[in-house]
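**Q** Quick one: this structure, given as structure tokens, is what I'll be asking you about.
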Amino acid sequence: MHRGRSDEEGFEAGGGDAVRGGLGACGKGGNDTTATKDGAITVGFSQVGAESEWRTANTRSVKEALAAPEFKLKFSDAQQKQENQIKALRSFIARGVDVIAFSPVVESGWETVLREAKAANIPVVLTDRGVDVSDESLFTTLIGSDFVEEGRRAARWLVEDSKATTAPVRIVELQGTVGSAPAIDRMAGFKEVIGADPRFAIVRSQSGDFTRAKGKEVMEAFLKAEGRDGIDVLFAHNDDMAIGAIQAIEEAGLKPGEDIRIVSIDGVRGAFEAMKAGKLNATVECNPLLGPQLAQIIRDVHAGKPLPKRVEVEEGVFTRDKAATELPNRKY
Ligand code: GZL
């Protein structure tokens, strides 16, 4: 048993396990329905993984919100592998859960398994990230952030912070997971804003897969390729990669936040600590605390209430000068 796969046995959060048939809230699995003895809403949740502080906070929020006795949660951690998510979704379908919710690690490759869920009459709620499908009826709604706007906000901060210079601004970019909605959209939003100003150029761009380790490794390669004086700014698609890159910049004998300005996205505690230390210049908030809103969406879906196709999350931008005062308020 690979504990790391973390497909917890049975439904989480106490209470008797789901039983087949019987009274209470019936699953949607056709004849072989799963119902719980106590009428709880059975939810299958497939999480991307545990790759970042953001993801850890997101998982905590989801598990706290989908708690017993109202819910019976089957939680699966895919270790950032799409094939693990597809396996998990198929197991949820086989168990006849009432609702499936998941954060798709990448945008493409979901059509088949989502058609299987639809055929089993099990509604699917997307959280955090979106999918690229030909038929939007394959999911009920998506609750998540506007990643394009997050990319724009990062670029707007950079343009404002560079207003005193006319010199070229050479940017390196640490992209998120290749093919993921946040990586695709944050890049698009950032380029949309800097593209209007000839001072800015992205001289290197590569995926750090949203992790600290890979962010450090790729930043080391950027520094080697561009030289100590060849980089002015790092744009990282998440704080964890920025924190990894900060280590690489320091090991190269440079001052992060000064020799190389850094703007990233998420707004996790580690980013506020780096800003307080003067090593990160700005972070664009991407709120992971989606649990309560997700729970309400699942209640509504289970009750057959109509829902908008898109539920957005409110977020802000935080700069170095405000880090010390904001840090005590952070919930993730
Ligand atoms: C964004 C989320 C991204 C975060 C990363 O909503 O999907 O995935 O920005 C996380 O930290 O790994």
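**Q** Provide the packing ranking of 318-331, 257-270, i.e. peptides ordered by the mean count of other C-beta atoms within 10 Å per residue, highest first.
**A** Peptide ranking by packing, descending: 257-270, 318-331.
**Q** A further question follows. Which Cα, out of V124, I297, L73, lies furthest along the positive dipole direction of the chain (beta carbon charges, K/R +1, D/E -1)?
**A** L73
**Q** Tell me, what HN-Hα J-couplings in whole Hz come from the Karplus equation 6.51 cos²θ - 1.76 cosθ + 1.60 at θ = phi - 60° for each residue of the stretch 321-329, using x for Gly and Pro?
**A** Computed from phi, the couplings for the stretch 321-329 are 5, 9, 4, 4, 6, 7, 3, x, 8 Hz.
**Q** Over the stretch 84-198, what is the relative contact order in whole percent, taking alpha-carbon pairs under 8 Å and six or more residues apart?
**A** For the stretch 84-198, the relative contact order is 26 percent.
**Q** Using 0.36 nm per residue, how much length does the chain from S108 to S137 gain when fully extended, once their Cα-Cα distance is taken away?
**A** 8.9 nm
**Q** Amide H neighbours of F200 under 5 Å, at least 5 residues apart or on other chains, H built in the peptide plane: list them.
**A** Counting only residues 5 or more places away or on other chains, the set is V169.
**Q** Let me know the charge dipole size of the stretch 180-332 about its Cα centre in debye, to the nearest 20, where only the beta-carbon of Lys, Arg (+1) and Asp, Glu (-1) is charged.
**A** That gives a dipole near 340 debye.
**Q** Hey, another quick one. What list of ³J(HN,Hα) values in whole Hz, one per residue of the stretch 205-215 in order, does the Karplus curve 6.51 cos²θ - 1.76 cosθ + 1.60 (θ = phi - 60°) give from phi, with Gly and Pro shown as x?
**A** 8, 7, 7, x, 6, 6, 10, 5, 4, 6, x
**Q** Hey, what number do you get for the chain at 222 nm if only DSSP H runs of n ≥ 4 count, each worth -39500 (n - 2.57), divided across all residues, to the nearest 500?
**A** -11000 deg cm²/dmol
**Q** Under the rule of at least 5 residues apart or a separate chain, name every residue whose amide H is placed under 5 Å from the amide H of E285.
**A** D266, G316, V317, F318
**Q** Can you list the HN-Hα couplings for the stretch 292-300, worked out from phi with the Karplus curve (6.51, -1.76, 1.60; θ = phi - 60°), rounded to whole Hz and with x for Gly and Pro?
**A** So the Karplus estimates, Gly and Pro as x, are x, 5, 5, 4, 5, 4, 5, 4, 5 Hz.
**Q** Now for a separate question. Computed on alpha carbon atoms, what radius of gyration and Dmax characterise the stretch 147-286, expressed in Å?
**A** When restricted to Cα atoms, the stretch 147-286 yields Rg and Dmax of 13.2, 36 Å.
**Q** With 10 angstrom as the radius, rank M275, M241 by how many other C-beta atoms surround their C-beta, starting from the fewest.
**A** Fewest-to-most Cβ neighbours within 10 Å comes out as M275, M241.
**Q** Per residue Cα convex hull volume for the chain, in cubic angstrom?
**A** Dividing the Cα hull volume of the chain by its residue count gives 133 Å³.
**Q** For the chain, give the share of DSSP beta bridges that are antiparallel, in percent and rounded to the nearest 5; count only bridges with both residues there. Kindly include the intermediate steps, with their values, before the conclusion.
**A** Numbers: 7 of 46 bridges.
Restricted to the chain, the bridges split so that about 15 percent are antiparallel.
**Q** Taking the Cα atoms only, what angle lies between the long axis of helix 239-251 and the longest principal axis of the chain, rounded to 10 degrees?
**A** Compared with the principal axis, the helix lies near 30 degrees.
**Q** What list do you get for D128, D146 if you sort them by fewest beta carbons within 10 Å?
**A** Listing D128, D146 from fewest to most nearby Cβ atoms yields D146, D128.
**Q** About its Cα centre, what dipole magnitude does the chain give when the only charges are +1 on Lys and Arg Cβ and -1 on Asp and Glu Cβ, stated in debye to the nearest 20?
**A** Here the chain has a charge dipole of around 320 debye.
Computed from the coordinates by the stated procedures, all read-outs in this text should not be read as laboratory data. What you are looking at is a predicted structure, and each value in this text was computed from that prediction instead of being measured. FYI the Cβ positions are ideal-geometry reconstructions off the backbone, even for glycines, and counts take in every protein chain you see.
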